[in-house]
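**Student:** First the structure, then my questions, so here it is.
The values are calculated or read from the model by the stated rules, or taken from the named source; none is laboratory data. As the structure is a computational prediction, the values presented were derived from the model and not from experiment. Glycine also receives a Cβ, built like all others from the backbone with ideal geometry; neighbour counts cover every protein chain displayed. Each accessible area value is taken on the protein alone, full model and side chains, heavy atoms only, with ligands, DNA and RNA left out. Shrake-Rupley method; radii C 1.70, N 1.55, O 1.52, S 1.80 Å.
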Amino acid sequence: MKIVFMGTPDFAVASLNALKNAGFDIVGVVTAADKPAGRGQKLNESAVKKYAVENGLKVLQPLKLKDPEFISELKLLNADLQVVVAFRMLPEIVWNMPAKGTINLHGSLLPQYRGAAPINHAIINGEKESGVTTFFLKQEIDTGDVILSASTPITEDDTAGTLHDKLMNIGAELIVKTVKSIEEGNYKEVPQPMDTELKAAPKIFKNFCEINWKQDNQTVYNHIRGLSPYPTAFTFLNEKTLKVFKVEKENVVPTIEAGNFETDGKTFLKFATNNGYIKLLEIQLEGKKRMQVDEFLRGVRLG
């Protein structure tokens, strides 16, 4: 069975590597075009491209997925199945091309958390469980019939980063299992239930990342860890943006107004919420590097 793999970030590399190690015939890899990055605007290759090149796999990097030249190149690969992990929305001419269809790995237990940021939103909403789902692509985003799923607990200390890594590895195993079942013709397609209240996972924009200290302790705690390490929750300190990566909760009645902070100037810095404190542990002030809070306090005077 010939496979074309489509993906861009590290999350997708684990699945591509698992398919290659399982012995599948990967006839092509489609990934994002190189982008200029950093001060020198040096072209930056996607994690998937780097892996594909290192392993001698054919790479396609279309700027537009409806480009006739790309479509004809894709047809020439004559894939039986396309596997999509953390890529762009595909036009029908692309996802409908292979005889066995196109499958996608999504970082949630569908139908919950359809959208661009399922890992972040699951933690922000205080979920106790997450997972990955494989499904066949259809017209509407993340709505196709489910093939397989696998779940994992979300701990109180998990961040978007730690959950990302858990789901990346579970997802790689599930992709191999799914592709094997399709190759053997031994699988069932289960329609996603439509009679349940759905929680969405839309793309996250900067204004959503600002911390609202007037909320309760647990909500603020979930918001911060759900955005860590990226795109990162932030607040303001001395009129500068302060990114917040790691925190602890203090569930004690605050003696100051929500949004104000307390510090001894040496070891701790904590902000009041409406029913407790959030103690900052790892932060980054605008124009500075990321650091532990005690190191930060040694170099700044807080009024």
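**Student:** State the number of residues belonging to the range 111-126 that are part of a loop (DSSP other than H, G, I, E, B), open to solvent by 20 Å² or more (accessible area, probe 1.4 Å) and at pLDDT 95 or above.
**Tutor:** Count: 3.
**Student:** Looking at (1) modelled with pLDDT of 95 or more; (2) touching a helix residue (DSSP H, G or I) at 6+ places or on another chain (Cβ under 9 Å), which one does K166 not meet, given that it meets all the others?
**Tutor:** Just one mismatch for K166, condition (2).
**Student:** Looking at K270, K203, K289, can you tell me which residue is at pLDDT 95 or above, open to solvent by 10 Å² or more (accessible area, probe 1.4 Å) and in contact with an Asp or Glu (Cβ under 9 Å, 6 or more places away or on another chain)?
**Tutor:** It is K270.
**Student:** Sticking with this structure for a sec: T263 passes all but one of (1) among the β-branched types (V, I, T); (2) under 22 Å from G126 (Cβ atoms); (3) in contact with a helix residue (DSSP H, G or I) (Cβ under 8 Å, 6 or more places away or on another chain); which number fails?
**Tutor:** Only one criterion is unmet by T263, namely (2).
**Student:** Among the numbered conditions (1) touching a residue at least 40 places away in the same chain (Cβ under 8 Å); (2) within 15 Å of F296 (Cβ to Cβ); (3) open to solvent by less than 20 Å² (accessible area, probe 1.4 Å), tell me where G276 comes up short.
**Tutor:** (2)
**Student:** Report the residue count in the range 169-200 for those that are of a type outside the set (F, W, Y), surrounded by 14 or more Cβ atoms within 10 Å (Cβ to Cβ) and under 18 Å from L19 (Cβ atoms).
**Tutor:** Looking only at that region, the number is 15.
**Student:** Restricting attention to strands (runs of 3 or more DSSP E) lying wholly within the range 1-90, give those where 3 or more residues are open to solvent by less than 60 Å² (accessible area, probe 1.4 Å).
**Tutor:** By residue number, 2-7, 25-30, 81-85.
**Student:** Please enumerate the residues belonging to the range 78-107 that are over 20 Å from A18 (Cβ atoms) and either more than 26 Å from the chain's Cα centre (by Cα) or among the aliphatic types (A, V, I, L, M) (or both).
**Tutor:** Scanning the range 78-107 gives N78, M89, L90, I93, V94, M97, A99.
**Student:** If we scan the range 258-272, do we find a residue that is of a type outside the set (S, T, Y), out of contact with any Pro (no Cβ under 9 Å at 6 or more places or on another chain), on the phi > 0 side of the Ramachandran plot and touching a residue at least 12 places away in the same chain (Cβ under 8 Å)?
**Tutor:** Scanning the range 258-272, I find at least one residue that is of a type outside the set (S, T, Y), out of contact with any Pro (no Cβ under 9 Å at 6 or more places or on another chain), on the phi > 0 side of the Ramachandran plot and touching a residue at least 12 places away in the same chain (Cβ under 8 Å), so the answer is yes.
**Student:** Does the range 129-148 hold any residues that are over 17 Å from M6 (Cβ atoms), open to solvent by 50 Å² or more (accessible area, probe 1.4 Å) and under 17 Å from the mean Cα position of the chain (by Cα), and which are they?
**Tutor:** Once the filter is applied, which keeps residues that are over 17 Å from M6 (Cβ atoms), open to solvent by 50 Å² or more (accessible area, probe 1.4 Å) and under 17 Å from the mean Cα position of the chain (by Cα), the range 129-148 yields only E129.
**Student:** Could I ask something else about it? Starting from the range 48-72, keep only residues that are under 18 Å from W95 (Cα atoms), then list their pairs with residues that are small (G, A, S) whose Cβ atoms are within a distance under 8 Å, requiring at least 6 positions of separation or different chains.
**Tutor:** That search, which allows pairs on different chains as well, returns V59/G28; V59/A52; L60/G28; Q61/A32; Q61/A33; P62/A33; L63/A33.
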